[in-house]
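The values are calculated or read from the model by the stated rules, or taken from the named source; none is laboratory data. Remember, predicted model here, so these are calculated numbers, not experimental data. Counting neighbours? That spans all protein chains shown, and the Cβs are built from the backbone with ideal geometry, glycine included. Side chains included, ligands, DNA and RNA excluded: accessible areas come from the protein's heavy atoms. Shrake-Rupley method; radii C 1.70, N 1.55, O 1.52, S 1.80 Å.
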Amino acid sequence: MVKTYLKTLIRVFKKHYARFLSVIFMVLISVGFISGIGGAVNKIDASMTDYYKARNVSDFILKSTSSGGFSEADIDKVRALYGEDSVNTGMSVDVDVDIAGEKRLLRLYFLDDKQTVNLREKKDGSEGDVKYAACAEESDNKLKDIPLGTEIELDFKDILAQLAEQEGEEAPDFSMVPPSMAGMFKRTVTVTETALSPLTFGLDGEPSYRNPADTPTPETINEANKLITLDGIIYMSVDTIPVVFGNSLLPKTGDMYIALPDRNSFNAFSSGYENYIAEQEKVLKNELESEFETITLYKNYSFFSLKSYGEKIMGLTAFLLIVFLFITGLVVQSNISRLMEEERSQIACLRTLGYNAFKIVFKYVLFVMLATGIGGVGAYFVGIGLSQLIYGVFGYSFVMPPMAASMRIWFYLVAFAVIVVTALLSTFLSGARMMHEKPANLLRPKAPKSGRKVILERMPLIWNRFSFKYKSSLRNVLRYRSRFIMTLVAVAGAMGLVLAGLALLDMCLFGNFGSTSIMFLAAVIVVFAGLLTAVVIYTLTNINISEREREIATLMVLGYHDREVAGYIYREIYINTAVGIAFGYPFGLVFIWAVFKIIDFGALAAVGWYVWLIAPFVTLLFTFLVTLLLRRKIVKIDMNNSLKAIE
């Protein structure tokens, strides 16, 4: 009996290898896609957190709003609160400066020689501290290049006039200063090194904070492109600021850069970090006597825009998780339940031989576990590869920090667990239904569905124009309603995903929304949705062919040529696909609306007309590829074995 059981077990895998492979690929595509995108967001968060700690990024930039800057007493209080090395002072202004006859909006940093916060890196990657005597930053493609050796003349009379204009005040009156003393207000700095700042790494440009109140906030981060964009950033010693008649023209302690001591609370803008920042902001406002504006990392354009993109992708992933897994679960469930229906006679024989229900169902459970297990293992590596690829693509929008080695896989585990539970539950339910039937009933194949008039037959003007083969195909499609509805939902869902991906791609390419990273994600959605469509159609059609081998063999015996036999099945495939595409449009409208809502840009009305034409073409293209794969299976059906099957 053991030998017999093993033979039936092996026979299941040999006979249904196509179904085995289809389950593997369904799991591979869905779980790999979901875990890849979710894993990319986790990589970004972990890498950002590591970078924040390694570069000792400031949590606060306090900008004094008083003319004299921060008092020594206030600076001492802050250092007492957070430690000597956690607080740096200096001055920064955003002003127009003439460089080689061209006006450029530059951010000028005047810093102490010893910097322990916001540690900058040398652009060439060499070791050693960056010297701050005069240093230009070229951290993104919107900052214009300032070659090494460039001499920049700073006229502080002009700088003070610009600052007064920004504050809505009258410019200082320098008319009484004799021409011989004009040089007292000028300083020449030479660019000696190029550095990368941990505060400025966005490739889409860095907005100027001429007025600290204008810096982007979580609510206005998508409107930051309306702000004035910097042309460059220059670092120099605080001693560069001229002292005229015993007074510094700019406060040398106009800014304080504070790195809060609890570095572990950051965790890429976690809720704990948000609470920590809010608490410390209250402490600073209570402790300091000076008036100041606060710029947190939530108002740092580079940091928060990277995090914002990550959150958008995470929200999109959660939505796609539901759609992909619903379609995958539906098809896997159909695959397994129909497999057991085809094995009715085998199950009856095993029951007659005395095998208990568990042993009979176990071979199908093993079939499912192996298929989903192999697909799940492959999906894990697909997810890793996809997450690393997405992380690399973010490099077109940001100077990305080194990728963190850690990998959180909860998206992978959730997606994989849902598929496994769905497949096993379907197997057990189908098995339980079989176990309740008598072996004698199981030995008899189910009676075929009785033919019935389709709705088109009630429209003679249309129906009578069809040839017999098309009438036959339409009747076959609609005879099995549950199969038709399941195919319809699966194809419509996949079509909706293709539409959503193309609409998002259209917004990025032609609507000037989003970024390169979002555009790449849209392309990934289209590709994986197309692959999902192909596997769905292949799986359902393969099941259809397996269930109708006797019918196809009869057509061969009646003299139908290979092309005619294949066309008999192909017509049904394309009818199902066409109806699925039609219903895919309302699915697509909902999906596009949801995606735009999550991403927080784009409008349904702005989607190009060509998107609505390309999406069905993509679906039909993958359907065509499936028909090419299945042609051999159709024409190679063994007529003798099929016609000798039990009625």
For the stretch 391-423 the number of residues that are over 30 Å from GLU343 (Cα atoms), assigned to a helix (DSSP H, G or I) and either free of Cβ contacts under 8 Å to residues at least 40 places away in the same chain or open to solvent by 80 Å² or more (accessible area, probe 1.4 Å) (or both) is 5
Quiz item: Within the stretch 563-575, can one find any residue that is more than 39 Å from the chain's Cα centre (by Cα), modelled with pLDDT of 75 or more and open to solvent by 30 Å² or more (accessible area, probe 1.4 Å)?
Solution: yes
So, first residue more than 23 Å from LYS252 (Cβ to Cβ) and modelled with pLDDT under 85 in the stretch 101-125, second residue in a loop (DSSP other than H, G, I, E, B) and among the polar types (S, T, N, Q), Cβ within less than 9 Å, six or more apart or across chains; the pairs are GLU121/SER197; LYS123/SER139
Looking across the stretch 523-562 at residues that are of a type in the set (Ser, Thr, Tyr) and part of a helix (DSSP H, G or I), the single one that is surrounded by the fewest Cβ atoms within 10 Å (Cβ to Cβ) is THR554
*Hey, THR194 out of contact with any helix residue (DSSP H, G or I) (no Cβ under 9 Å at 6 or more places or on another chain) and either closer than 21 Å to TYR52 by Cα or part of a loop (DSSP other than H, G, I, E, B) (or both) or not*: yes
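Being buried (at least 20 other Cβ atoms within 10 Å of the Cβ) and either farther than 29 Å from GLY205 by Cβ or at pLDDT below 90 (or both) narrows it down to one residue among TYR257, TYR235; which is it?
Of the residues listed, the single one that is buried (at least 20 other Cβ atoms within 10 Å of the Cβ) and either farther than 29 Å from GLY205 by Cβ or at pLDDT below 90 (or both) is TYR235.
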By residue number, the members of the stretch 74-114 that are in contact with a strand residue (DSSP E or B) (Cβ under 7 Å, 6 or more places away or on another chain), assigned to a strand (DSSP E or B) and surrounded by fewer than 17 Cβ atoms within 10 Å (Cβ to Cβ) are ASP96, LYS103, LEU105
Residue pairs qualifying under the 9 Å Cβ cut-off, at least six apart or on distinct chains, with the first in the stretch 424-436 being within 14 Å of LYS359 (Cβ to Cβ) and the second being acidic (Asp, Glu), are MET434/GLU341; MET434/GLU343
Of (1) under 24 Å from THR229 (Cβ atoms); (2) modelled with pLDDT of 90 or more, ASP145 fails just (2)
Of (1) closer than 27 Å to LEU196 by Cα; (2) surrounded by 22 or more Cβ atoms within 10 Å (Cβ to Cβ), PHE70 satisfies every one except (1)
Flagged in the stretch 457-502 as more than 30 Å from HIS561 (Cβ to Cβ) and hydroxyl-bearing (Ser, Thr, Tyr), in numbering order, are SER482
With criteria (1) closer than 16 Å to ASP45 by Cα; (2) within 15 Å of the chain's Cα centre (by Cα); (3) open to solvent by less than 30 Å² (accessible area, probe 1.4 Å); (4) not β-branched (Val, Ile, Thr), LEU297 comes up short on (2)
